[in-house]
1. Work from the charge dipole of the chain (Cβ charges, +1 for Lys and Arg, -1 for Asp and Glu, about the Cα centre) and give the residue of Pro10, Leu190, Leu53 farthest towards its positive end.
2. For a quick protection proxy, order the peptides 364-375, 336-347 by their average other-Cβ count within 10 Å, most packed first.
3. Once you compute Rg and the Kirkwood Rh from C-alpha atoms, what is the Rg to Rh ratio for segment 1-151?
4. Based on the Kirkwood radius over alpha-carbon pairs, what value in µm²/s does the Stokes-Einstein equation return for the translational diffusion coefficient of segment 1-57 at 25 °C and 0.890 mPa s?
5. Treating segment 357-441 as a set of equal point scatterers at the Cα positions, no solvent, please give the Debye-formula log₁₀ I(q)/I(0) at q = 0.16, 0.19 Å⁻¹.
6. For the ranges 256-266, 319-329, 47-57, what's the packing order if you count other beta-carbon atoms within 10 Å of each residue, average per peptide, and put the highest first?
7. Which log10 I(q)/I(0) values, to two decimals, does segment 299-441 give at q = 0.14 Å⁻¹ under the Debye formula with one point per Cα?
8. Suppose every K and R has +1 on its Cβ and every D and E has -1 on its Cβ; what is the size of the dipole of segment 48-143 about the Cα centre, in Debye to the nearest 20?
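Read-outs throughout are calculated quantities, based only on the coordinates presented, and are distinct from any laboratory measurement. None of these values were measured; they are calculated from a predicted model. In this analysis, Cβ positions are derived from the backbone assuming ideal geometry, glycine residues included, and neighbour counts consider all displayed protein chains.
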Amino acid sequence: MAKLTGTRRPKKLPYDGVRNAWYSTLPDPKPARILQQDVTADWAVLGGGTCGLTFARRLAELRPDDSIAVVEAMRVGYGTSGRNAGFMLKHHSHGGIKNLDAAKNSDRLFQTGQGYLRDIVEQHQIRCQWNDWGQIYVSASRPGEAHLDDVADGFQTLGIEHQRLTQDEMEGITGTRFYQRGVRVDGSALVQPAAMMRGLGETLPPNVTLYEDTPVNEIRSGGGFTLVCPEGSVRAPKLIIAANLFAEEMGFKKHRVVPIASFGTLTRQLTDDEKKHVGGGGEFGLLPASPNGSTVRLTADGRILMRNTLWYARSKRFEDDLIAEMERRHRQSIAERWPALGEVDFEGTWGGIMAFTRNEGTVWGAVADDLYILMTTDTAPMTRGTALGKLLAEDLCGVDSEELRTLKAMPQAAFVPPDPILKFYTERRIKGIERDEAGER
């Protein structure tokens with residue numbers, strides 16, 4: 001591979017933006033370690049999400065004498081990895097299986113990532129409300145039921161046990177007759193994602209130094225790599241870019257993924273009387289069979305998470321008017337399921353960005369001499385991203401495994417057209433889904 005030369009400056013930096021209620025409902029964190037001097041390390045990792053922290057942890061385990069610097073623009077747990085719905089998926093099926101080998105490979109990655117996360121959480125007793133509840137895929141209308149049949153067929157094809165649930169059974173779990181049917185799968189976990197990410201950052205091995213609230217303004221190459229930050233720098237001979245979609249803002253792997261945002265709202269804790277409306281049986285987690293459906297959770301501490309609406313997110317910014325509209329939609333979605341809870345107070349509404357590929361491909365591995373990229377794509381981003389970080393560290397340390405060979409056999413993400421073509425096509429498709437499957441949200 002060729003060497004990277006010159007200087008790269010991101011066109012956009014991650015920003016704290018709208019309130020991430022998963023994060024804001026946690027106790028205040030310890031003060032951030034901010035990079036305020038020039039330091040050197042054996043490895044530099046740009047990004048403190050699930051990919052970056054997992055890579056750094058596994059590398060530190062395999063090379064305890066190497067020094068590793070992780071540089072994160074915000075606080076760990078505030079960004080994308082702490083904004084998801086908190087499903088640590090062991091298995092997943094979403095729509096009809098078009099490529100059985102690809103589906104099996106993805107399922108192996110989910111299992112690898114979830115197993116590693118589970119081990120870390122148990123070893124370090126990370127308090128993140130980890131609950132092996134599994135997940136239920138749901139439908140609320142005729143179009144949704146067709147998607148739900150595809151989900152069940154997918155699990156059947158993969159040989160994964162699943163249980164079909166009737167409307168009465170769904171009502172017993174959720175307290176609402178909004179859902180027509182469900183498909184339940186065991187093995188996955190529900191967590192408080194910001195708490196889990198914070199715990200992962202606080203329990204890194206001693207040869208890993210984590211710098212937070214430290215945006216990188218430049219990447220200089222030549223005799224290694226230098227990450228230039230507002231008050232200091234990190235210099236290292238090897239660099240891993242684990243900044244999710246912000247990698248493309250530095251010119252890496254452009255035109256390989258479609259940036260799609262979804263929006264979440266977390267309510268205040270429900271009272272005991274209010275909890276009677278949501279089944280009364282404790283925590284649950286629902287995933288939509290339809291792309292226009294809502295991800296819904298009742299959390300361990302008695303909050304409702306409502307997450308829905310797809311939005312083309314090239315700007316990587318969420319304006320106030322957009323968030324206000326998402327809050328209105330989420331309030332409507334809650335009221336349609338539980339009319340008595342339609343006016344419950346919200347802790348916050350936020351957006352999170354996911355990366356989707358055309359071909360279920362990967363954005364993973366070497367992009368130049370001593371320069372590597374990690375980006376979790378498509379479905380189950382948390383467990384997939386954990387697997388990607390773990391397996392890249394093992395690959396660079398010469399640790400072979402069936403899981404690594406499976407990952408290397410997967411295709412790299414295929415080219416997607418630039419804007420305005422991609423924007424036009426994506427927004428047109430989203431509008432069609434919203435029109436045809438309006439009853440699912």
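1. Pro10
2. In descending order of packing, they fall as 364-375, 336-347.
3. On the way: Rg = 19.6 Å, Rh = 19.2 Å.
Rg/Rh for segment 1-151 comes to 1.02.
4. 159
5. Summing over Cα pairs of segment 357-441 leads to -0.76, -0.92.
6. Top to bottom by mean Cβ count within 10 Å: 47-57, 256-266, 319-329.
7. At q = 0.14 Å⁻¹ the computed log10 ratios are -0.89.
8. Using only the charged Cβ atoms, the result is roughly 400 debye.
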